[in-house]
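Engineer: Please see the structure below; I have some questions.
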Amino acid sequence: MNAPLFPSILISCPCSDNVGQRSPTRSRASDDDIDIEEEGETFDPRAPRSAFSLFPLENLLFCEDCNQVRCPRCVQDEIVCYFCPSCLFEVPSSTVKSEGNRCTRNCFSCPICFAALSVTATSEDQTGPFVLLCSHCLWSTQDIGIEFEKPTSITAQLAAKLKAATASASSSSSSSLSAPETSHSRPLSPLSSSSGTYFRPTSPIPPPASTDEAEFIRLKAHYNQQNAIANADDFGGSGSLSRLMGLYSTGAGRIRSYGPGALQKSTQTKNRSEWQELEPCRAVGGEDEIIEKMKCVGFYGATSQAQRIIQVHNPKLLENVRPLAALLRTKRSKRCRSCRHILVKPESKVSSIRYRIKLVARSYIPQLTISRLDHNAVNYFNLQPLSNHQFLLTVTNPLYDLINVTLATPEKTPGKYPATVYILCPEFEVGASTDVWDEALGPEAKPKAKIKGKKTGLAATIWDSGRNWTTVILEIVPPLLPDTELEEDDYVVKVPILVRSVYESDIDRDDGIGKEVKEKKEHSYWSVLEVGRMGKKTAGKVGFEESAGARPMSLMSTTSSAASDAGTVRDRRSLR
Amino acid sequence: MPPKQVKGEYIETDTGNKVSRKSNILGSQNIILGGKTIIQADCTIRGDLRRSGAPGQHGNVAIAVGRYCFFARSSVLRPPGKTHRGFYPMKLGDHVFIGEGAVVEAAMVGSFVHIGAGSVIGKFSIIKDCVRIEEGTVVAPNTVIPPFSRVAGRPGVVIEELPETAQDSLECGRIVKQIYRMI
């Protein structure tokens, strides 16, 4: 839905690595030219598995006990409260269990355009019969022939009217002896075709229920009954459990009986209860009526697929749609799946946006942002191949301690068309996120650019730094793509970067030593930078276009693109 | 970040707001601005549309705006009203960003709301806190948008639930402070 916004930064959650077999004896056959201190392979953003583990930083939580990032897939949701998104009234969970998960007040959506319906009076003064009116497409319940006497408790009135409508419709479609012509004052024939779609064969079996809902209740009751009978006879029916148990226990165990039907008896067909059908199959006919009607109303009188599938009774014609009751929404608290620690707990009040507990990754792991070094030279959608593009990578530290950040990336990005990536300063320090007042009250002096890290011959300096952030330069040289048609994904330059932060933090010792001991903690994660889209090599100047990168990162929503390339290697993210 | 404005284009009010001289403010005595709010050029704010009745004194507010709000160019703020019943006061929360060319006629907009450029918010709609409205959305009248939603389309419906960090992403305090210092 969104156009891919460049550049975007996605973080990989390691939860997918524990799924499936994991070979601990995988040899350290890592490439020598990859300067990564951890064992294992680099993160391939184009591998099929990695697409499912990439998330923007906003969606990630952090578990303090496990000291690891948690993505939406590895947290467990628990519902705190239910509320209607339209009237913002809280619905107690007992009501949800009994009445269903829709609002039972006056909240409905338009079946045509899905906007909100409002209760309006048909006449000028506020006393006339009321209808539900859509203010966007001007559909109202008058179009299906329904009006309400009171403006409150529309759900109850609507249910009553629909039940009455289908009851009279079915009775009119059944035997013609009893013809209730005068029962209802409103035209109800539009609703008749919604329920009377089956021709009932004249058979000795009792006539089935008229409405789909009553039919469902009947079927459900029948199958519940069959289920009870099956369970009473034999555990799991047809002696399957007994046979299974017999396989594993020999000798004395065989004589043991499981339930009232013993093993010997259960093998006989007498006790094998079959699930019986409620009634023999019926011939479903009667579509001619609908087809005739569709011919009359034409294309614009029939429902579209989206309108049809969201309705309960699958109507084919626009005159049979019903207003949609609003689905309830929930406030959920999230829990780490492994250690059961609560990560997010909202307040139970519906209108409050505060959280009682909020352990988000943003406040624990260093945050990456990227922007261009030279505003005029880079067009994110048309990166020039074989030329040196420079980007500024900013690492922001949310912790109260100083961290040492190490960035690592393979020299050539993985994939069919590798781009060359250089990080000019792979190791640097980022200051602690101290109080704002310390910066305001103290002198406005910026710390000197620290020269740190292994000198590799390149100028290993940082570009800029502030109170709790540091900016380094990233150079990317995209390759020259062949002129053949490639998938859209091949054009995107994806750079995997391993971010490793080491810091010392004070821990409180409970065993009464009394001294404050600093503990060395470390955290690392893989991140994928989607830098831009490669273009064709042009001889002249690149056209300048203010692309999305000019906006500040905090207002931009990052999207994760589906890496659907035919990846071969299943890469394991290395995390100590 | 917008280019540096010509000096003198913005008036600073006594409560600390920066209002462009080229903006179109009617009925300014009925408008309350919270502080550190920026109103760009060509922005229309209709403070003259208010219910004139018994409370005809100075306490009759048409539009109340919170702090750190940003109204981009050509945006329109209009209090909603019904014929024969007058206009309803409009209330905006803090950190509300209204994009270029957006027309907002909501009855109430909460805090930390991002309204994209070119969108239309219908009359008497209620937008709660931490909502992002995408560009070009047309929100039907009388809609209620719950907190932590992302709204798009015509008519605007909730397409996604925003994560818990939405408040930090939608907070425009930092950007407003930077622009405030520049202009």
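The values are calculated or read from the model by the stated rules, or taken from the named source; none is laboratory data. Keep in mind that what you see is a predicted model, and the values were worked out from it rather than measured. Note: ideal-geometry Cβ built from the backbone for every residue, glycine included; neighbour counts use all protein chains shown. Heavy atoms of the whole protein, side chains included, go into the accessibility calculation; ligands, DNA and RNA do not. Shrake-Rupley method; radii C 1.70, N 1.55, O 1.52, S 1.80 Å.
Engineer: For the stretch A:59-82, give me the residue count where each residue is within 14 Å of another protein chain (Cβ to nearest Cβ) and of a type outside the set (Phe, Trp, Tyr).
Structural biologist: 13
Engineer: Okay, next question. Give me a count of the residues in the stretch B:84-98 that are out of contact with any helix residue (DSSP H, G or I) (no Cβ under 9 Å at 6 or more places or on another chain) and either in a strand (DSSP E or B) or among the charged types (D, E, K, R) (or both).
Structural biologist: Here the count works out to 7.
Engineer: Within the stretch A:111-124, which residues are more than 8 Å from every other protein chain (Cβ to nearest Cβ) and either touching a residue at least 60 places away in the same chain (Cβ under 8 Å) or surrounded by 24 or more Cβ atoms within 10 Å (Cβ to Cβ) (or both)?
Structural biologist: Within the stretch A:111-124, A:Pro111, A:Ile112, A:Leu117 qualify.
Engineer: Can you find even one residue in the stretch B:148-155 that is at the interface with chain A (Cβ under 8 Å from one of its Cβ atoms) and at positive phi?
Structural biologist: Among the residues of the stretch B:148-155, at least one is at the interface with chain A (Cβ under 8 Å from one of its Cβ atoms) and at positive phi, which makes the answer yes.
Engineer: In addition: From the residues in the stretch B:10-26 that are part of a loop (DSSP other than H, G, I, E, B), modelled with pLDDT under 90 and open to solvent by 20 Å² or more (accessible area, probe 1.4 Å), which one is farthest from B:Ala102 (Cα to Cα)?
Structural biologist: My answer is B:Asp14.
Engineer: May I pose another question? Which condition does B:Lys128 not pass, out of (1) at the interface with chain A (Cβ under 8 Å from one of its Cβ atoms); (2) within 30 Å of A:Ser363 (Cα to Cα); (3) at pLDDT below 95, if it passes all the others?
Structural biologist: (3)
Engineer: Can you spot a residue in the stretch A:272-279 that is at pLDDT 70 or above, acidic (Asp, Glu) and not in a loop (DSSP other than H, G, I, E, B)?
Structural biologist: no
Engineer: For the stretch A:83-107, which residues satisfy the criterion of being open to solvent by less than 50 Å² (accessible area, probe 1.4 Å), within 12 Å of chain B (Cβ to nearest Cβ) and of a type outside the set (S, T, N, Q)?
Structural biologist: Those that are open to solvent by less than 50 Å² (accessible area, probe 1.4 Å), within 12 Å of chain B (Cβ to nearest Cβ) and of a type outside the set (S, T, N, Q): A:Phe83, A:Cys84, A:Pro85, A:Cys87, A:Leu88, A:Cys103, A:Cys107.
Engineer: Would you mind stating whether B:Asp168 is assigned to a helix (DSSP H, G or I), at the interface with chain A (Cβ under 8 Å from one of its Cβ atoms) and open to solvent by 20 Å² or more (accessible area, probe 1.4 Å)?
Structural biologist: For B:Asp168, the condition - assigned to a helix (DSSP H, G or I), at the interface with chain A (Cβ under 8 Å from one of its Cβ atoms) and open to solvent by 20 Å² or more (accessible area, probe 1.4 Å) - is met.
Engineer: Mind listing just one residue for me: the one in the stretch A:125-138 that is more than 10 Å from every other protein chain (Cβ to nearest Cβ) and out of contact with any strand residue (DSSP E or B) (no Cβ under 8 Å at 6 or more places or on another chain) and, of those, least open to solvent (accessible area, probe 1.4 Å)?
Structural biologist: Applying the filter and picking the extreme gives A:Asp125.
Engineer: Could you look through the stretch B:171-183, keep only residues that are in a loop (DSSP other than H, G, I, E, B) and facing chain A (nearest Cβ under 9 Å), and pick out the one that is modelled with the lowest pLDDT?
Structural biologist: Only one residue fits best here, namely B:Cys172.
Engineer: May I pose another question? Sort out which residues of the stretch B:136-145 are surrounded by fewer than 22 Cβ atoms within 10 Å (Cβ to Cβ) and either within 15 Å of the chain's Cα centre (by Cα) or within 8 Å of chain A (Cβ to nearest Cβ) (or both), and write them in order of number.
Structural biologist: Once the filter is applied, which keeps residues that are surrounded by fewer than 22 Cβ atoms within 10 Å (Cβ to Cβ) and either within 15 Å of the chain's Cα centre (by Cα) or within 8 Å of chain A (Cβ to nearest Cβ) (or both), the stretch B:136-145 yields B:Val138, B:Pro141, B:Val144.
Engineer: Now for a separate question. For B:Gly116, are the conditions met, namely being more than 8 Å from every other protein chain (Cβ to nearest Cβ), in contact (Cβ under 8 Å) with a residue 24 or more places away in the chain, within 24 Å of B:Ala62 (Cα to Cα) and among the small types (Gly, Ala, Ser)?
Structural biologist: no
Engineer: What is the one condition in (1) within 14 Å of chain B (Cβ to nearest Cβ); (2) outside any loop (DSSP other than H, G, I, E, B); (3) surrounded by 19 or more Cβ atoms within 10 Å (Cβ to Cβ) that A:Thr369 does not satisfy?
Structural biologist: Among (1) within 14 Å of chain B (Cβ to nearest Cβ); (2) outside any loop (DSSP other than H, G, I, E, B); (3) surrounded by 19 or more Cβ atoms within 10 Å (Cβ to Cβ), A:Thr369 violates only (3).
Engineer: Let me ask you something else. Restricting attention to the stretch A:331-362, which residues are within 9 Å of chain B (Cβ to nearest Cβ), open to solvent by less than 50 Å² (accessible area, probe 1.4 Å) and assigned to a loop (DSSP other than H, G, I, E, B)?
Structural biologist: Those that are within 9 Å of chain B (Cβ to nearest Cβ), open to solvent by less than 50 Å² (accessible area, probe 1.4 Å) and assigned to a loop (DSSP other than H, G, I, E, B): A:Val350, A:Ser352, A:Ile353.
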